[in-house]
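Asker: Mind having a look at this structure? Questions to follow.
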Amino acid sequence: MSWQYIFCAAIVVGMTAGFILLYYHTKRTSKQVIREVQRQCDNVILQLECLININVEISPIRALPRSRGWAASPDFLHQVIECARRIKPPVIFECSSGLSTVVLAGCLRNIGEGHVYSLEHDPHYAERTREVLRMQGLDLYATIVDAPLKEVTLGAWRGRWYDLTKLPELLEADLLVIDGPPFDSGSPARYPALPCLYQRLSSRCTIILDDAARADEKQAVSMWLKEFPGLHVVQSNGCEKGCAVLERRS
């Protein structure tokens with residue numbers, strides 16, 4: 001791991017130097033700029049620390065996919081690992097496949113049991129994730145469920161959500177990770193997750209929602225709490241893009 005630490009340290013130093021040069025170049029001395037520079041540097045360090053911790057936790061045999069862009073951030077993935085380790089869920093449901101699927105499968109392998117079923121609407125992306133799972137030797141712990149988006153009406157909500165036809169029946173999940181579908185499938189796009197899957201969640205299920213700092217996700221959480229009295233928020237925000245953790249209690 002020594003080269004990885006050196007590489008990460010080099011990135012941190014390089015980005016910090018860049019921020020400092022930008023700061024002096026613009027000749028701005030406001031406290032707002034100083035706070036933003038500090039915030040950006042702190043976030044870079046946090047994401048690198050979480051990425052290193054993830055590699056230690058799941059011991060991948062090949063390099064993991066990128067954790068930038070549309071992928072879940074390292075701090076969110078680390079939060080998911082912590083929940084999985086605490087709950088030790090026999091069954092995990094996931095909305096949207098990718099790096100998070102690989103991380104969950106690696107965590108289950110270390111636990112010694114469990115399986116994640118990941119809903120994916122994009123056939124090409126589904127096959128990419130399957131290939132990564134095979135390369136990592138994790139395909140026994142995860143199934144990518146082909147779930148194209150279909151028109152759904154849930155009360156006043158109308159949009160597209162995953163087709164659950166190929167999700168095996170009689171499964172009861174103890175952990176639900178929500179990181180999809182795309183925002184343009186409805187508003188709020190991730191609201192249908194609980195109305196459509198609630199009957200398949202255990203009475204002590206934990207729900208983790210990514211991107212919880214966005215207005216759409218905040219609205220979804222508010223709607224869930226009104227519709228499902230058994231839900232309780234145990235964490236709100238935190239993580240680079242926001243993270244909400246809810247628990248279902250009898």
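The values are calculated or read from the model by the stated rules, or taken from the named source; none is laboratory data. The structure presented is a predicted model; accordingly, all values stated were derived computationally and were not measured. With ideal geometry, Cβ positions are generated from the backbone for all residues, glycine too; neighbour counts draw on all protein chains shown. Please note that ligands, DNA and RNA were not included when accessible areas were found on the heavy atoms of the full protein model with its side chains. Shrake-Rupley method; radii C 1.70, N 1.55, O 1.52, S 1.80 Å.
Asker: Suppose we keep only residues that are open to solvent by 10 Å² or more (accessible area, probe 1.4 Å) and of a type outside the set (D, E, K, R) within the stretch 83-96. Which one would you say is nearest to GLU172 (Cα to Cα)?
Answerer: VAL91
Asker: For residues that are farther than 16 Å from LEU201 by Cβ and open to solvent by 20 Å² or more (accessible area, probe 1.4 Å), tally how many sit in the stretch 234-250.
Answerer: 7
Asker: Please state which of the following conditions ILE61 fails to meet, knowing it meets all the rest: (1) modelled with pLDDT of 75 or more; (2) under 19 Å from the mean Cα position of the chain (by Cα); (3) among the aliphatic types (A, V, I, L, M).
Answerer: Tallying (1) modelled with pLDDT of 75 or more; (2) under 19 Å from the mean Cα position of the chain (by Cα); (3) among the aliphatic types (A, V, I, L, M), ILE61 fails exactly one: (2).
Asker: If I filter the stretch 209-224 down to residues being open to solvent by less than 70 Å² (accessible area, probe 1.4 Å) and not acidic (Asp, Glu), which single residue comes out as nearest to ALA156 (Cα to Cα)?
Answerer: Here the residue is MET223.
Asker: Being hydrophobic (A, V, I, L, M, F, W, C), over 14 Å from ILE92 (Cα atoms) and touching an Asp or Glu at 6+ places or on another chain (Cβ under 9 Å) is the requirement here; does CYS239 meet it?
Answerer: The answer is yes for CYS239.
Asker: Under 30 Å from LEU167 (Cβ atoms) and at pLDDT below 90: which single residue out of ARG86, ARG39, ARG28, ARG68 fits that description?
Answerer: Only one candidate qualifies: ARG68.
Asker: Could you please find all residues in the stretch 226-235 being out of contact with any Leu (no Cβ under 9 Å at 6 or more places or on another chain) and not in a helix (DSSP H, G or I)?
Answerer: PRO229, GLY230
Asker: While we're on this one: Can you confirm whether ILE92 is β-branched (Val, Ile, Thr), in contact (Cβ under 8 Å) with a residue 60 or more places away in the chain, under 26 Å from GLN235 (Cα atoms) and in contact with a Gly (Cβ under 7 Å, 6 or more places away or on another chain)?
Answerer: When the stated conditions are applied, ILE92 passes them.
Asker: Of all residues in the stretch 141-167, count the ones that are under 13 Å from THR101 (Cβ atoms) and open to solvent by 90 Å² or more (accessible area, probe 1.4 Å).
Answerer: So the answer is 0.
Asker: Determine which member of the set LEU170, LEU140, LEU154 is out of contact with any Gly (no Cβ under 9 Å at 6 or more places or on another chain) and closer than 22 Å to ALA126 by Cα.
Answerer: After ruling out the rest, the residue left standing is LEU140.
Asker: Has the stretch 214-225 got any residue that is over 19 Å from PRO89 (Cα atoms) and in a loop (DSSP other than H, G, I, E, B)?
Answerer: Looking for residues that are over 19 Å from PRO89 (Cα atoms) and in a loop (DSSP other than H, G, I, E, B), one finds at least one in the stretch 214-225, hence yes.
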